[in-house]
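Peer 1: Below is the structure I would like to discuss, written out as structure tokens.
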Amino acid sequence: MANLAEAEGRRKDAIFYLQEALSTDETNGELILRLATLLRDDEPWRARRLLMSAVARDPKDAVAYLGLSQVELSMGQHQQAMNSVKRSISLDDSIPGSYWQLGILYESLINQATKTSFTFDGDLSASAVRAFDDFLAHGGQPEWKARLEQARVLATGKRNRTAAMAAARRALEIARQAEGDSPKLQAARHLSSVARATRDRKAYADATEVLLEVTPRDFHAWKNLAELRGASGGSAEKVYQDLLALYPGDADARSLYARHIGLTKGYLNAVRYYEQIVEESAEPARMLSYLVSYQMAYRMAPHANQTLARMETEFPDDPWTQLEQAKKQSTDGYSKAAIEALEDVVAGYEISEAYEALARLTSFHRGSIRAADYARRAVDLKGFYEIRLHRLLAETLFDARKFADHLEAIEVIERYEDLTHEQLISKASSLYATDEADKGRQVLLSAVNDPEAQIAATLMFVTHEAGNRKQGHVARKLVMAALEHHPDNQDLLLAHADVNMRMGRPDLALDVLNQFDIIKFPAHIRFARAKLRAEEGDLSGAFPDLSHALRADPSVPGLLDFAVLMYSRKGVAHKQDSRISEWIEGIRSDTTNEWLPNSRKIAHLQLLRSRILHTHNKNESAIEILEQAISDFEFTADTRIDLAYLLAITEQDVNRAIAIAEDVVDPEHPDPRALDALGFAYLSAEQPMAALQNFRLANRAADNRVALFLYHQSMVLEELGRDAEALRTIDQALAVDPTYSNAVKLRQSLVTKNDKEAKPS
């Protein structure tokens with residue numbers, strides 16, 4: 001029964017049947033080992049107890065010692081695991097699995113050393129290689145897997161790149177002789193990784209060719225192969241001709257070649273090729289759609305408009321024409337209409353590009369969770385690996401800020417681990433998001449050794465660890481090391497300032513930023529210097545930096561909140577409101593931009609205007625701005641949530657506030673702010689129980705990590721006379737944010753009230 005359950009994937013049932021079997025034969029070593037193996041991942045302590053009892057009964061059971069070593073390694077007990085496996089070998093040196101376990105242990109120790117000090121003992125590496133040789137010498141199989149592990153050991157730390165490359169090539173040669181595609185894929189991915197780290201274009205190209213043997217429709221790999229062959233003296237043109245011969249008439253293959261023509265022979269030649277394949281293609285409207293996208297990528301908006309006009313004339317009812325019309329609406333600032341048009345397209349036709357456009361639009365206007373659903377469908381429909389789409393899916397999953405979505409993002413990344421270092425960085429991001437900070441930190445400390453990943457890994461390490469006293473000094477060292485290789489990188493410069501700031505040295509942070517030409521800096525660096533200057537009391541310097549940041553990109557995280565704080569100062573609000581209005585008109589008149597940037601800027605600046613006015617109790621004017629944004633230009637989820645809040649606060653139209661908030665709330669993927677706004681609307685409508693329910697849902701959706709939502713919940717509980725619950729909830733809010741003044745006041749009020757009630761009459 002256990003065998004059947006395990007074969008069918010019913011792990012819990014298999015454990016139950018093995019336990020029943022052991023109850024009648026407690027000394028059966030085979031049953032103990034099988035049960036311990038099943039328990040190893042989820043209940044390692046229980047598995048260890050089983051195996052400890054087995055070796056206690058029979059101190060010469062080599063297999064039990066091997067199983068014990070495996071369990072101890074899974075628990076992170078490296079020294080105990082090493083002792084157990086060596087004991088197993090001393091009892092019986094003919095078991096191949098013992099040598100494999102020894103090699104894996106050495107490899108684990110090497111990885112640990114690399115992640116903590118960036119160097120490791122060369123003897124560990126030699127010991128690991130010998131262990132895998134012993135595994136093969138004692139009849140262990142498969143050989144390709146052992147050779148691949150040896151190659152990974154030699155690649156770690158990159159102490160001997162020649163040996164690492166030779167081992168990776170040897171592993172690939174052996175893997176190509178094995179049955180199935182998995183050996184070739186794993187070995188080719190490893191060779192690709194080593195080649196990227198050592199900048200060996202030929203080896204990278206060889207690995208890519210093997211990958212294409214298994215996944216020939218991986219057009220991203222074809223593009224990589226062409227670039228690598230061209231850079232190493234070969235012919236990129238021949239690679240593309242091979243691709244076209246393999247997939248004659250394929251729209252995606254031809255579009256890829258057209259873009260290659262654009263890079264090598266110029267924009268006009270690429271357009272001529274597109275025109276040629278439009279005439280030859282069985283899907284001319286699709287090829288014209290690809291041409292529009294290419295022209296927009298080159299910022300040739302007038303040419304793109306001409307191509308779209310041709311599509312509307314020659315193929316007025318074609319879904320590809322409808323797709324480009326919808327994208328044009330978004331470019332012109334009518335994103336709501338664009339979303340509706342794209343939804344009409346996908347309702348009748350399964351087009352990956354339409355789902356991609358929907359994902360990009362809805363990630364901004366309707367929330368990232370729905371966007372992730374669209375991105376997932378775009379990936380499924382494409383039929384081959386497209387790095388752009390997988391990156392989009394990962395981004396929308398990260399932005400969703402849900403535990404399950406981050407876990408899915410990790411799965412997406414690991415499924416395509418052969419591609420670039422970017423997936424490794426994204427994996428670390430999701431590990432941090434799922435409270436696996438130790439694992440995320442290890443991934444980043446390993447990634448900084450890769451020249452291609454150094455900057456991204458360093459920046460993410462600073463983001464997550466600079467505020468940690470223990471890791472802050474590590475973050476500073478990483479930034480300094482990265483700046484030695486990339487002294488002009490603006491993001492590293494900002495990270496350097498950020499580390500100094502978070503370690504209590506704003507003076508050093510300002511010195512870092514003041515050394516460089518701030519005019520060339522992007523919005524987030526302007527924002528950083530504005531905050532630093534404000535904290536130092538230099539408001540005359542902070543305001544210009546803040547203005548530049550807002551005009552460049554008001555969507556920078558935290559920028560709007562900081563702007564509201566700064567512009568709400570006495571005597572500043574009215575002047576800034578007029579200035580922001582001028583910025584918005586200037587952005588509206590800008591016809592050179594493409595896709596979403598203008599829409600995003602205007603939506604965020606309108607929100608900023610309304611929030612500044614709200615802080616000065618000019619709620620009527622704030623409501624007018626939001627209403628204008630919805631009717632005249634476009635709206636986002638944030639715009640509607642703010643409007644619902646204001647309508648509820650002013651009690652102008654409580655029923656409409658409820659309707660707006662309910663419309664924003666997605667039952668399957670609730671937005672915490674939308675639920676909080678709905679609770680506020682119900683509170684204004686004198687429905688405290690409904691308000692309490694929505695405040696609780698908001699807390700749950702935000703994982704109880706937002707003090708404002710907890711404060712609102714406590715406020716309603718007090719109104720309902722449930723003071724003890726209110727006090728517990730407000731304590732949770734203060735645990736999240738001890739400086740939240742409203743929460744402090746409410747707690748004092750509750751404590752005073754309880755003290756009065758507790759006094760005897």
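The values are calculated or read from the model by the stated rules, or taken from the named source; none is laboratory data. Everything quoted here is computed from the prediction, not taken from an experiment. Note that we place each Cβ from the backbone using ideal geometry, even for glycine, and neighbour counts take in every protein chain shown.
Peer 1: Between a residue in the range 178-200 that is closer than 14 Å to Thr215 by Cβ and any residue that is polar (S, T, N, Q) and part of a helix (DSSP H, G or I), which pairs come within a Cβ distance under 7 Å, given they are 6 or more apart or on different chains?
Peer 2: Pairs found: Ser192/Thr208.
Peer 1: Quick check: is even one residue across the range 709-725 surrounded by fewer than 16 Cβ atoms within 10 Å (Cβ to Cβ), within 32 Å of the chain's Cα centre (by Cα) and of a type outside the set (D, E, K, R)?
Peer 2: no
Peer 1: If you don't mind, there's one more thing I want to ask. Looking at the range 53-81, I want the residues that are touching a residue at least 24 places away in the same chain (Cβ under 8 Å) and have a partner that is part of a loop (DSSP other than H, G, I, E, B) with Cβ atoms under 6 Å, at least 6 apart or on another chain. Which pairs are those?
Peer 2: Note: pairs meeting the criteria are Ala62/Asp92; Val71/Arg40; Ser74/Arg40.
Peer 1: Let me ask another. Please go through the range 645-678 and pick out each residue that is buried (at least 20 other Cβ atoms within 10 Å of the Cβ), charged (D, E, K, R) and modelled with pLDDT of 85 or more.
Peer 2: Within the range 645-678, Asp676 is the sole residue that qualifies.
Peer 1: Being over 14 Å from Ala126 (Cβ atoms) and in a helix (DSSP H, G or I) is the filter here, so list the residues in the range 90-104 that pass it. Before the answer, list the steps.
Peer 2: Within the range 90-104, the first condition is being over 14 Å from Ala126 (Cβ atoms), and the residues that meet it are 90-101, 104.
Passing the criteria: Ser90, Leu91, Pro96, Gly97, Ser98, Tyr99, Trp100, Gln101, Ile104.
Here's the yes/no breakdown for (1) part of a helix (DSSP H, G or I); (2) free of Cβ contacts under 8 Å to residues at least 12 places away in the same chain; (3) touching a Pro at 6+ places or on another chain (Cβ under 7 Å); (4) surrounded by fewer than 18 Cβ atoms within 10 Å (Cβ to Cβ):
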{"site": "Asn3", "(1), (2), (3), (4)": "yes, yes, no, yes"}
{"site": "Gln19", "(1), (2), (3), (4)": "yes, no, no, yes"}
{"site": "Leu22", "(1), (2), (3), (4)": "yes, no, no, yes"}
{"site": "Thr27", "(1), (2), (3), (4)": "no, no, no, yes"}
{"site": "Ile32", "(1), (2), (3), (4)": "yes, no, no, no"}
{"site": "Leu35", "(1), (2), (3), (4)": "yes, no, no, no"}
{"site": "Arg46", "(1), (2), (3), (4)": "yes, yes, no, yes"}
{"site": "Arg49", "(1), (2), (3), (4)": "yes, yes, no, yes"}
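Peer 1: Could you list, in sequence order, the residues of the range 684-718 that are at pLDDT below 85 and not in a helix (DSSP H, G or I)?
Peer 2: Ala702, Asp703, Asn704, Arg705, Val706
Peer 1: Then there is this: So in the range 502-555, with the set limited to residues that are of a type in the set (Lys, Arg) and at pLDDT 75 or above, which one is farthest from Gly472 (Cα to Cα)? I'd like the intermediate steps shown before the answer.
Peer 2: The initial filter retains those residues of the range 502-555 that are of a type in the set (Lys, Arg), namely 502, 505, 520, 526, 529, 531, 533, 551.
Next, only the ones that are at pLDDT 75 or above stay: 526, 529, 531, 533, 551.
Values: Arg526: 23, Arg529: 20, Lys531: 20, Arg533: 22, Arg551: 32 Å.
This residue is Arg551.
Peer 1: Residues in the range 170-190 that are in contact with a Phe, Trp or Tyr (Cβ under 8 Å, 6 or more places away or on another chain) and either in a helix (DSSP H, G or I) or of a type in the set (Val, Ile, Thr) (or both): how many? Steps first, answer last, please.
Peer 2: Within the range 170-190, the first condition is being in contact with a Phe, Trp or Tyr (Cβ under 8 Å, 6 or more places away or on another chain), and the residues that meet it are 171, 174-175, 177-178, 183, 187.
In the following step, the residues that additionally are either in a helix (DSSP H, G or I) or of a type in the set (Val, Ile, Thr) (or both) were identified as 171, 174-175, 183, 187.
The qualifying residues number 5.
Peer 1: Any residue at all in the range 201-223 that is closer than 23 Å to Leu445 by Cβ, assigned to a helix (DSSP H, G or I) and aliphatic (A, V, I, L, M)? Outline the logic, then answer.
Peer 2: Within the range 201-223, the first condition is being closer than 23 Å to Leu445 by Cβ, and the residues that meet it are none.
No; the residues of the range 201-223 include none that is closer than 23 Å to Leu445 by Cβ, assigned to a helix (DSSP H, G or I) and aliphatic (A, V, I, L, M).
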